[in-house]
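Some notes on the structure that comes next.
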Amino acid sequence: MPMTFEQQPRESHKAFAAFKTYLELGPERSLVAVGDKLGKHRTQVERWSKKFDWPARVQAHTAHLADIERKTAEALAVQSGTDWAKRQEQHREDEWQTRGELIALAREAIARWKKSEHRCGTLEGIARLLDLASKLGRVSSGLALEPTDKPADEDAAFMIQIEVALEKVYGQPEAGRNLPPPAAAAPAPVIDVEVLKK
C-alpha cells in the first residue's frame with residue numbers, strides 16, 4: 001500500500017501531479033495557485049482535492065518528514081554518545097597507563113634526587129607534573145576535576161579525627177561531672193529620660 005501522500009491506486013497521473021504541485025507550494029499553497037501553475041480550471045483542481053483529500057495528505061507528509069527528522073536526530077545523538085563514551089573509555093585507559101609510567105619516572109627521579117648532592121629539580125616539581133597530567137586527562141575526557149561525593153566512611157573517619165583533636169586540645173570531660181548551667185544574664189536597668197523644652 002502506498003503512503004497517503006504517494007500516488008493512490010485510482011489516482012491519475014495528472015491528478016497526482018496536481019497534488020505534488022500543491023504539496024510543493026509550501027505554506028502559501030492554494031487550489032487557485034495550482035490551477036494557475038498547471039493551466040487547469042479551478043473546479044477540476046477542487047474536484048481532485050476533495051476526492052483525494054489533499055489537506056489530509058499534506059498533514060501526513062508533514063508528519064512523515066517530522067518523524068524522519070526525529071529518528072535521524074535520535075540516531076545521531078546515540079552515535080555521538082557512543083563515540084564520546086568510547087573516547088572517554090580510551091582516554092581513561094591511556095591516562096591509567098600514563099599514570100603508571102609517570103609514577104615509575106617519579107620514583108626514579110626521587111631516587112636520583114636523594115642520591116645526588118647537586119639536586120636537580122624538586123619533589124614539588126614532580127608532584128606538580130603528576131597533578132597536571134591527571135587534570136589534563138580528566139578535563140579532556142569530560143570527567144570532573146574532583147570527585148563530587150565522598151564515601152560515607154571517609155566522612156565518618158574525618159569526624160572521628162576532629163573529635164580526637166578536640167579532646168587533645170580541651171581534654172576529656174570528667175565522668176559524672178555536672179557543670180552548672182550558665183548564669184542567666186541580669187536584666188538591663190531601665191533609665192527614665194526627661195525631655196527638656198526650651
Test: Ala144 is aliphatic (A, V, I, L, M), in a helix (DSSP H, G or I) and modelled with pLDDT of 70 or more: no
Which numbered condition Arg119 misses (of (1) at pLDDT below 70; (2) exposed (fewer than 10 other Cβ atoms within 10 Å of the Cβ)): (2)
Within the stretch 5-107, helices (runs of 4 or more DSSP H) holding 2 or more residues that are farther than 30 Å from Glu124 by Cα and among the β-branched types (Val, Ile, Thr): 31-38, 42-51
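So that you can scan it fast, the table gives a plain yes or no per residue for (1) surrounded by 14 or more Cβ atoms within 10 Å (Cβ to Cβ); (2) over 30 Å from Lys135 (Cα atoms); (3) in contact with a His (Cβ under 7 Å, 6 or more places away or on another chain):
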| site | (1), (2), (3) |
| --- | --- |
| His13 | no, yes, no |
| Leu25 | yes, yes, no |
| Lys37 | yes, yes, no |
| Gln59 | no, yes, no |
| Glu89 | no, no, no |
| Glu101 | no, no, no |
Any pair with Cβ under 9 angstrom, 6 or more apart, that starts in the stretch 63-81 at a residue that is within 25 Å of Thr4 (Cα to Cα) and ends at one that is surrounded by 10 or more Cβ atoms within 10 Å (Cβ to Cβ): His64/Met3; His64/Thr4; His64/Phe5
Residue identified as at pLDDT 65 or above, exposed (fewer than 11 other Cβ atoms within 10 Å of the Cβ) and either within 41 Å of the chain's Cα centre (by Cα) or assigned to a helix (DSSP H, G or I) (or both) among Asp131, Asp149: Asp131
Out of Thr4, Thr21, sole residue that is surrounded by 14 or more Cβ atoms within 10 Å (Cβ to Cβ), in contact (Cβ under 8 Å) with a residue 40 or more places away in the chain and of a type in the set (Val, Ile, Thr): Thr4
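The values are calculated or read from the model by the stated rules, or taken from the named source; none is laboratory data. Here the structure is a predicted model, which means the values were calculated and not measured. Note: ideal-geometry Cβ built from the backbone for every residue, glycine included; neighbour counts use all protein chains shown.
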